[in-house]
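Participant: This is the structure I have questions about; it appears just below.
The values are calculated or read from the model by the stated rules, or taken from the named source; none is laboratory data. Since this is a predicted model, take the numbers as computed values, not measurements. Because the Cβ atoms are built from the backbone with ideal geometry, glycine has one as well, and the counts that use them run over all protein chains shown.
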Amino acid sequence: MEESQRQNAVWIADSGLFIACGRQQNGKYIALARFATTNGITFLIPQRIHNELGGAPETSTPGQTPVNSAIDAGWVAVADRIDYTTPAVATVMDDVRRYIANVSNRPEDQIEKADTALAGVAVQRLARGEVSSVTVITTDTDAGAGIKRAVEAAGFEGQISVIDGFEFIDTIT
């Protein structure tokens, strides 16, 4: 990966990626850490996802969850709070929720807020001009499709890519 691409891009990850990688001693977790550090990437996670991953599972290091270990090591960071006053943010999050509800045949109020938070963080960073491109890694294909569609519809066509988290893990391990 070229230096200019790393500096102008952000990688946003969902909880499914970390859940699939497991605890700190797991080979998948180690491969994810190695990928991030080798490529100079800090995975950004919305606060909602950090909260989802915040409880220490029994198999984790006592008092330390895998995501908190990654934050301490510097290859994961928690995103700033989502600014709902940015017009594109609220629109994109609503569009993602609507898309997922339609394709999964569920009521909008049953859609995980973490899925829409991924889109909110992505479009917020793009709308502020903080980055020129965003890569979202998610294990939820409906959410991924909805995020890509909504962010591009908000005027950021060609600036977002979505990677299937399970395929990504297979690639790096």
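Participant: Take the stretch 97-130 and flag every residue that is buried (at least 17 other Cβ atoms within 10 Å of the Cβ), touching a residue at least 40 places away in the same chain (Cβ under 8 Å) and of a type in the set (A, V, I, L, M).
Facilitator: Answer for the stretch 97-130, where residues must be buried (at least 17 other Cβ atoms within 10 Å of the Cβ), touching a residue at least 40 places away in the same chain (Cβ under 8 Å) and of a type in the set (A, V, I, L, M): Ile100, Ala114, Ala117, Leu118, Val121, Ala122, Ala127.
Participant: Something else about it: I'm checking my understanding of the structure. Among residues of the stretch 112-163 that are basic (Lys, Arg) and in contact with a strand residue (DSSP E or B) (Cβ under 8 Å, 6 or more places away or on another chain), which one is nearest to Tyr84 (Cα to Cα)?
Facilitator: Among them, the one singled out is Arg125.
Participant: Please name all residue pairs, on different chains or six or more residues apart, with Cβ atoms under 7 Å, provided the first residue is in the stretch 151-173 and is under 12 Å from Asp14 (Cβ atoms) and in contact (Cβ under 8 Å) with a residue 60 or more places away in the chain and the second residue is in a helix (DSSP H, G or I) and among the aliphatic types (A, V, I, L, M).
Facilitator: Short answer, once both residue conditions are applied: Gly165/Leu17; Gly165/Ala20; Phe166/Ala20.
Participant: Further, regarding this structure: Condition test on Val136, is it surrounded by 16 or more Cβ atoms within 10 Å (Cβ to Cβ), touching a Leu at 6+ places or on another chain (Cβ under 6 Å) and outside any helix (DSSP H, G or I)?
Facilitator: Yes: the conditions hold for Val136.
Participant: What helices (runs of 4 or more DSSP H), lying completely within the stretch 1-92, carry at least 2 residues that are modelled with pLDDT under 90 and surrounded by 15 or more Cβ atoms within 10 Å (Cβ to Cβ)?
Facilitator: Qualifying helices (runs of 4 or more DSSP H): 47-53, 66-73.
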